[in-house]
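Data first, discussion second: the structure below is written as structure tokens.
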Amino acid sequence: MPPRTKFSREEIIQAAVRITRRKGLEGVTAREIGAELGISSRPVFTWFDSMEQLKEAVYEEAKILYRQYLEQGLSKPIPFLGVGQQYIRFAREEPELYKVLFLTKLNGKTGGAMASLKFSQDLARDSLMKIYNLDGKTADRYFRNLWLVSFSFTTLIVTGNCPYSDEEISAVFTEMSLSLCKAYKEVPGLAEGTFDRDAVFSELVKK
């Protein structure tokens, strides 16, 4: 059977995603796309003006998949714990797509850790407000701080340097979540940054 001469934009994107999973985003080239689909590299540029544009499409596909992971987490009995578990799972199962979302900044503007933090935060905000009885600002602070813990673990995972089991990671999440929730509810002005730091610590260390 002769090779196909026409491929859709979506087929080219999915080919790029498969290559990314095997070789990382830097492995996505017109030649690799052609080899993956059994065609020349020229049809890539029928749909994309540049390889950077195609890589941005891979980034968007990674976001879609990541969102599916987070939505599964939000459906759990303890939504934020579920989100944390799914975030870890995404890093373990899709390390190269994790790098695309969290460790790569395309064109100096798209992607990167902070963009993905906001994307995750927006998905989780309503659930945090409802389940943990927090206002929007406090929910965002709560999520940000726990996300920074999560980011530390997932970066260790995708770089092959994580010595912790899922059970140990879950225990850290539980400790941090409990500590933050208790602090935000019991220390007036903590979420706003208006609390008396010296007075609070002075009382705390006496206990």
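Once you sort the root eigenvalues of the Cα gyration tensor of the chain as a ≥ b ≥ c, which label holds: rounded (a/c under 1.5), prolate (a/b larger than b/c) or oblate (the other case)?
prolate
Please check the chain for the longest run free of chymotrypsin sites (Phe, Trp or Tyr not before Pro) that are loop-located per DSSP (anything but H, G, I, E, B) and have at most 16 other Cβ atoms within 10 Å.
Working: sites that count: 164, 195.
Result for the longest clean stretch: 1-163.
With a cut-off of at most 14 other beta carbons within 10 Å, and DSSP calling the residue loop, which trypsin sites (Lys or Arg not before Pro) in the range 71-124 qualify? Please list them.
109
When a/c reaches 1.5 or more, the comparison of a/b and b/c decides; with that in mind, is the range 127-172 rounded, prolate or oblate per its Cα gyration tensor?
Verdict is prolate for the range 127-172.
Tell me, what % of the accessible area of the chain is carbon and sulfur with a 1.4 angstrom probe?
Ligands and nucleic acids excluded, carbon and sulfur give 54 percent.
How far is helix 79-93 tilted off the main Cα axis of the chain, in degrees rounded to 10, range 0 to 90?
It works out to around 40 degrees.
Tell me, what is the per residue accessible area of the chain in Å², probe radius 1.4 Å? Can you show the working numbers first?
On the way: 11710 Å² over 207 residues.
About 57 Å² of surface per residue is accessible.
Can you give the angle from 0 to 90° between the axis of helix 9-23 and the longest principal axis of the chain, with both taken from C-alpha atoms, to the nearest 10?
70 degrees
How large is the helix-only mean residue ellipticity at 222 nm for the chain, computed as the sum of -39500 (n - 2.57) over DSSP H runs with n ≥ 4, divided by its residue count, in deg cm²/dmol to the nearest 500?
-23000 deg cm²/dmol
If the cut-off is 22 Å between C-alpha atoms, which lysines fall inside it for residue 6, apart from same-chain ones fewer than 8 positions away?
55
Using only the heavy atoms of the protein chains and a 1.4 Å probe, how would 154, 174 rank by accessible area, largest first?
Of 154, 174, the descending order of accessible area is 174, 154.
Could you pull out the GluC sites (Glu not before Pro) across the range 114-192 that fall in loop regions by DSSP (anything but H, G, I, E, B) with no more than 11 other Cβ atoms inside 10 Å?
Passing both the DSSP loop test and the Cβ count: 192.
The values are calculated or read from the model by the stated rules, or taken from the named source; none is laboratory data. On a predicted model such as this, the values are computed, not experimentally measured, just so you know. Counting neighbours? That spans all protein chains shown, and the Cβs are built from the backbone with ideal geometry, glycine included. For accessibility, only protein heavy atoms count, side chains too; no ligands or nucleic acids. Shrake-Rupley method; radii C 1.70, N 1.55, O 1.52, S 1.80 Å.
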